[in-house]
Amino acid sequence: MSLMRRITNLWRQERVDAEIAAELASHFEMAVEDGVHAGMTPDEARRAARLKFGNPVVMRERAVKADAALGLSSVWADMRFGFRQLGRAPGFALTSIAVLALGIGACTAIFSAVNPILFEPLPYPHANRILTIWNTYDGARSRLAFGNWRELTERNHSFEALAAYEAWQPVMVGGAQPERLNGQSVSASYLRVLDVAPWLGRDFLSAEDRYRGPKVAIVSYRLWQRRFGGDRSLVGRAVTLNDDRYTVIGVMPENFENVLSPQADIWTPLDYNTQGLATDFDSAEWGNHLYLVGRVRPGVSREAALRDLDAIAADPVSQYKRPQWAAMQRGLIVDALQADITREVRPALLAVMGAVILVLLMAGVNVTNLQLARGAQRQGEFAMRVTLGAGRMRVARQLITESLLLAGLGSAVGMGIAVAGLRALVAMSPPGLPRIDAIHFSGAAFFFALAVSTLVGVVSGLVPALHASREELSANAQRNTARTTRSDSWTRRTLVVTEVALALVLLGGAGLLLRSMQRLLAVDPGFDPSHLLTIQINTSGHKFEDTAAAPGAGSRALKHFFEQALNAVRRVPGVRAAGLTTNLPLTDDAVIYGNYGAHFENDPPQGGTDVFRYVVSPGYCEAMDISLRSGRLLSEEDRADAPPAVLISESLAKSQFPGQSAIGKRVHVGPMNRPWFTVVGVVGDVKQNSLAVDEPNAVYLTEAQSWFADDTMSMVVRTRSDAAALTPEVENAIWSVDKDQALVRVATMDDLLKTGEATRRFVLILFEAFALVALALAATGIYGVLSGSVAERTREIGVRAALGASRGNILGLVLRQGMKMAAVGAALGLCAAVASSQALASLLFGVSRLDPLTYLTVTALLLAVAGGACVVPAARAVAVDPVEALRGE
């Protein structure tokens, strides 16, 4: 039979039913006639025909099974009947749909966020062949030097292209205000590694990738639209960046996603000198500040590429000289690009995904329990249908159909929740979340929601269906159908115990994260963040070049500008103190600018210590409120012509000079060919990159005595009142010195503290939300089971009351039943929470994943909520009138 006929029959059901009835009646009459011809009386013939054909309902069922078109119409009939049943119980239907919508919507929203980050291939051809390369230093990842990249490029056999890149933040002038752009300085092979090409114009040429080569740039599509109005004639024209004229040679495609630097809007070739690599180890070419990324040849695995690079690192040759700090002696780290960019957020995202799956499981369990309760009320209906000839599988199919209808409706509402939830997730996502622009409600998310709803619908309908198809259904037609069987009651209680256990897992995770965040925010950063405004000043222009300055002395014009800007800000009303620093604590400045080697006089020749190098103005420590432990702070007396002076952190002083004073000791910071610095003071430790990480070794020297002038510095301004309110006056004071300098990352230190721990806060908020939902679902499950139990045991409660049971006895009976389920669920959940807490270990700070206080607290909270859910059913049981209960029987 054609598919079209099967579908058409769905809209002509009455006619099909009439045809089946007429055909069955015709066969029945023929059987009667045969009996009469055989010598029976008409009544005897009819009786024999009825015995032969059996129940008409059963006969129709057989006809349906024999005809696929009728089977399809039977499914349609099940759906129509299911809708009518849901309409007769709107409370049950709306509650089930709401619970499922919440679970499916939350799960779909999280999947939509996690899928493009962790699971979808990156948006490049054969993205699995793109690898990142890192040096290894003290067990951690470290960037490489230009000399390393050149050697690896020329000696490797595994990569078809190997690229180097670093951050580039030029200032573009020509508008109302100078604009600092986020960009990258890249080798000419960068876009070839990603296997993308400009949409307009061309890629970089190898001839342009050289020292003092042509000043060319490629711009992003969004910068082209925002700054240049989409003018196609921009290609070939010049723009002004850092007072230099750069020719725009290309515009990237609109859909180009640069996962290595998502905010980058402009690219230019690296500007490193290959001459003198073997002799001048103090040059910029040997600073470890380049990131490496490569595309391996087809068929080359990550492991094979790593072996190739490690062999090069372990086998230095005379052609490629290496200084000690760039010797690659500890081997290299090679990762897939996707694994590398998601390395820091992967544990958090997987933890959130696990939490939302628990919420979905609880939603499914809750709906299953609701359906069991609903099925208990329909026992009479099911028993009557079986008695009239309906097969047990037919009844089970009807219940699964109704469950799928609920799941479908819940999924429809859940998709709306997912879209709204996804917007909220993107809005509250931590800074630096990779591929955030790729997060949207996609076709993959739609099919995920469809698959989840189907799975939940089948599973949540299967248990009630199995109960409805048992042998005792026929017997239920003979007894009071308002009561459930012992098996029904046991199943529902088991499901409630499961809900409570799952809720405790989520509560345990939320409790650990909350305690961890409290501990983290209580950490002393080493300075006072209140009333502190921070502004990063990114200078540019040939005006700051000083060809008359001695080599290594830095630009006097640059130092003069920062000195004038600082004095202008200090004169702003409401400013208590101000200072300058190259590295602002709790930002990525230290990662980009600040890690240096320090060599004390007592260190062995090949020794040394990694430190964070702070070039600061006099008054910086006072503005930050960094405590002085011994000696003195840096002052205006520490001029360029004064003896070089340095401050060191307390931990560095204790590790280098245990049991003695560090004052007067000497240290080299950076190049060994510079003068010795004398320690004049010891200051308290400051958190450098994160509140959660101890990296206390730091040195502070004045900008006047630095061996080069930093063109980017952060100003810290301590105010007498609200720091944010003073932002316009501080900005105008800096621009009064030079209006062409870009001011970026303007934020209070309190905001930077929050941003630094945004990933933990993000996970905490989601876990708290999921835990509250889980708590509500668990309480709903306990309430539902106890309410049904009280209704089913009305006669028993009435008899107990009539025989002298007190109200306290009856109250205790119901409360014990509910709290027993909660206690068993809590015990199981506690074991599961302890086992699953390992997934959160990387997100915890100052709290053990086995913290007993956390688990005791959340267990007590869960039991308290469970007790509250027991109160209303218990009160209802106490109010049962024995006379009315017995009369109802």
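Per residue of region 211-227, what does 6.51 cos²θ - 1.76 cosθ + 1.60 with θ = phi - 60° give for ³J(HN,Hα)? Whole Hz please, x for Gly and Pro, Karplus curve as stated.
After applying 6.51 cos²θ - 1.76 cosθ + 1.60, I find 5, 6, x, x, 8, 10, 8, 10, 10, 7, 5, 5, 5, 4, 6, 6, 8 Hz.
Percent of alpha carbon pairs in region 720-771 separated by more than 19 Å?
In whole percent, the long-distance tail amounts to 51.
Tell me, what is the FRET efficiency for residue 233 and residue 94 to the nearest 0.05, using R0 = 60 angstrom and their Cβ-Cβ distance as r?
The pair residue 233/residue 94 has a calculated efficiency of 0.50.
Where the centroid of each part is defined by its Cα atoms, how far is region 209-224 from region 322-353 in Å?
One Cα centre to the other: 28 Å.
How high is the relative contact order of region 765-889, in percent, with contacts defined as C-alpha pairs under 8 Å that are six or more residues apart?
Relative contact order comes out at 50 percent.
Which whole-Hz couplings ³J(HN,Hα) result when phi for each residue of region 431-438 is put into the Karplus expression 6.51 cos²θ - 1.76 cosθ + 1.60, θ = phi - 60°, listed in order with x for Gly and Pro?
Karplus-based 3J(HN,Hα) across region 431-438 equals x, x, 5, x, 6, 5, 6, 8 Hz.
Pick out, in residue order, every one of the trypsin sites (Lys or Arg not before Pro) in region 151-210 that is DSSP loop and has at most 12 other C-beta atoms within 10 Å; say none if there are none.
Here the trypsin sites (Lys or Arg not before Pro) that fit, given the DSSP loop and packing criteria, are 202.
Among residues other than residue 808 whose Cβ falls under 13 Å from its Cβ, what is the net charge (Lys/Arg +1, Asp/Glu -1)?
+3
Tell me, what HN-Hα J-couplings in whole Hz come from the Karplus equation 6.51 cos²θ - 1.76 cosθ + 1.60 at θ = phi - 60° for each residue of region 83-98, using x for Gly and Pro?
4, 5, 5, 5, x, 6, 10, x, x, 4, 5, 5, 5, 5, 5, 5
Just order 582-588, 34-40 by mean Cβ neighbour count inside 10 Å, highest at the front, would you?
Peptide ranking by packing, descending: 582-588, 34-40.
Can you list the residues, at least 5 places off or on another chain, whose amide H is less than 5 Å from the amide H of residue 204, using H built in the peptide plane?
It is none; the list stays empty.
If amide H atoms are built 1.01 Å from N in the plane of the peptide, which residues on other chains or at least 5 residues away come under 5 Å of the amide H of residue 297?
Hits under the 5 Å cutoff: 159, 160.
What is the extension gain from residue 126 to residue 632, computed as 0.36 nm multiplied by their sequence separation minus the C-alpha to C-alpha distance, in nm to one decimal?
Result: 176.3 nm gained on full extension.
Quick check on region 792-879: what does the Kirkwood estimate of hydrodynamic radius come out to from the alpha carbon pairs, in Å?
15.3
Quick one: which residues, 5 or more positions from residue 632 or on another chain, have an amide H under 5 Å from its amide H? H modelled 1.01 Å from N in the peptide plane, none for Pro or chain starts.
Amide H to amide H, under 5 Å and 5 or more residues apart or across chains, residue 632 pairs with 681, 682.
Readers should treat all values here as calculations from the given coordinates under stated rules, not as data from a laboratory. Note that the coordinates shown come from a computational prediction; the quantities given were computed from them, not determined experimentally. Note that we place each Cβ from the backbone using ideal geometry, even for glycine, and neighbour counts take in every protein chain shown.
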